Amino acid sequence: MKTIDLPVEDETGEEPIPTQIPELVLEKDHQKTPLPQEPDPSAPPMEQLLDDTYPPAPPRRKKLRAEAVMGIIAGFCAVLLCVTAVLCIPYYHVEETDDPEAYVDRHQHAAGETEAFLEPTQVEEEETLAPEETQEPTIPPEKNPYGSLDFQYQKHNYLYCLRTDSYAGIDVSAYQGNIDWKQVKNSGIEFAIIRLGYRGYGQAGRLVEDEFAQQNLQGAADAGLAVGAYFFSQALSIQEAEEEIAFMLEILGDYKLEMPIILDWEIPGVDSPRTANMDARTLTDIQLHFCQKMTELGYQPMVYFNWHQSETLYYLSELEAYPFWLALYQDRMTYPWKVEMWQFTDRGSVPGIEGNVDINVYMPG
């Protein structure tokens, strides 16, 4: 450390006395400050050096908001729904139309047997067989020769009559879609009744051909099945029945039928159907005209009904010249009058057909 002598005056005026004050010298005072140098042009820029020394932190991932997540889920569900709809197109067999068969109240085909499941010993015969009163006196048709124990499931789980020759068969329409008729035949089915078309249940009553009629007529025949046909009628008069007959014949063309042809007349379960006010006299006359006309043309006509219809909308004794086809969904025969064909289920399962199908047992003897 250096010292500096400074003169100090004495108050008496005498010669100042030298005083030593230390001089502070920083350590780097003795070093020479280097001169600034020119930057090296080959050196990387400072920003790069900083980035190399202190790499930037990775960007923070943005979290999806709840709305975005719900939007993604909704979009996925929409795509899945569209794919499902496309895959189901082959099963959309019938467009939304005025097809009355789509609205038939099927539970009526099981109506009438309130006491049907009781054994004969538990209920009086007169009480079971008594039909509802109609406007005209009626003569009962021939009694049913078959009882509840005369039918049994046999091969392929189809119902057969044990007391006479009987045959298993189906009736089909566009609602069954594409049918593998060879599989149907191989399963034990021996005949098929094909729907040719229908009359709309609206007041216009337009006539419509079943979109699978030609395909089913040809497919069933090629598979070796006996073929019959039916038309789902909504006729209100003999004149309209004539229109339906002409329409059926046009669709049939040159096809030959080994099984009966039927005017399937039913009231659909919709608001204000055109058939709502039908009476037994008119409907019986319509069926009589149909059967007589088809007989003249060389076909075998048949009359289709359920238990309720047979008691309220037909004079069956007037139609006995023609075979009857009964819709009664159970596996025991309890209907009191003789029938030649029995549609015992509308939920049958037959190989070669997707979904449910009507199955029948035919007893022509």
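The values are calculated or read from the model by the stated rules, or taken from the named source; none is laboratory data. The structure presented is a predicted model; accordingly, all values stated were derived computationally and were not measured. With ideal geometry, Cβ positions are generated from the backbone for all residues, glycine too; neighbour counts draw on all protein chains shown.
Residue 281 meets each of the listed conditions (1) within 20 Å of residue 342 (Cα to Cα); (2) part of a helix (DSSP H, G or I); (3) more than 33 Å from the chain's Cα centre (by Cα) apart from (1). Contact annotation: residue pairs with Cβ atoms under 9 Å, 6 or more positions apart or on different chains, pairing a residue in region 308-324 that is more than 14 Å from residue 144 (Cα to Cα) and touching a residue at least 12 places away in the same chain (Cβ under 8 Å) with a partner that is part of a helix (DSSP H, G or I) and of a type in the set (Gly, Ala, Ser), are 312/280; 313/280; 314/280; 315/280.
With respect to residue 247, determine if the residue is over 20 Å from residue 310 (Cβ atoms) and touching a residue at least 24 places away in the same chain (Cβ under 8 Å). Spelling it out, residue 247 is indeed over 20 Å from residue 310 (Cβ atoms) and touching a residue at least 24 places away in the same chain (Cβ under 8 Å). Taking first residues from region 61-72 that are at pLDDT 75 or above and partners that are in a loop (DSSP other than H, G, I, E, B) and surrounded by 10 or more Cβ atoms within 10 Å (Cβ to Cβ), the Cβ contacts under 9 Å between residues at least 6 apart in sequence or on separate chains come to 72/64. Just one residue in the set 196, 225, 236 is in contact (Cβ under 8 Å) with a residue 24 or more places away in the chain, of a type outside the set (Lys, Arg) and surrounded by 24 or more Cβ atoms within 10 Å (Cβ to Cβ); that residue is 196. Looking for whichever is hydroxyl-bearing (Ser, Thr, Tyr) and touching a helix residue (DSSP H, G or I) at 6+ places or on another chain (Cβ under 7 Å) here; the options are 299, 335. Which one fits? On inspection, the qualifying residue turns out to be 335. The number of residues in region 287-310 being surrounded by fewer than 21 Cβ atoms within 10 Å (Cβ to Cβ), assigned to a helix (DSSP H, G or I) and of a type outside the set (S, T, N, Q) comes to 5.
Taking every residue in region 207-221 that is touching a residue at least 60 places away in the same chain (Cβ under 8 Å) and pairing it with any residue that is of a type in the set (Ser, Thr, Tyr), at least 6 positions away or on another chain, the pairs with Cβ-Cβ distances below 6 Å are 208/198.
Being closer than 26 Å to residue 216 by Cβ and either in contact with a Pro (Cβ under 6 Å, 6 or more places away or on another chain) or of a type in the set (D, E, K, R) (or both) holds for only one residue in 332, 347, and it is 347. Looking at region 170-189 only, could you name the residues that are over 22 Å from the mean Cα position of the chain (by Cα) and touching a residue at least 40 places away in the same chain (Cβ under 8 Å)? Listed by number, the residues that qualify are 182, 183, 185, 186, 187, 189.
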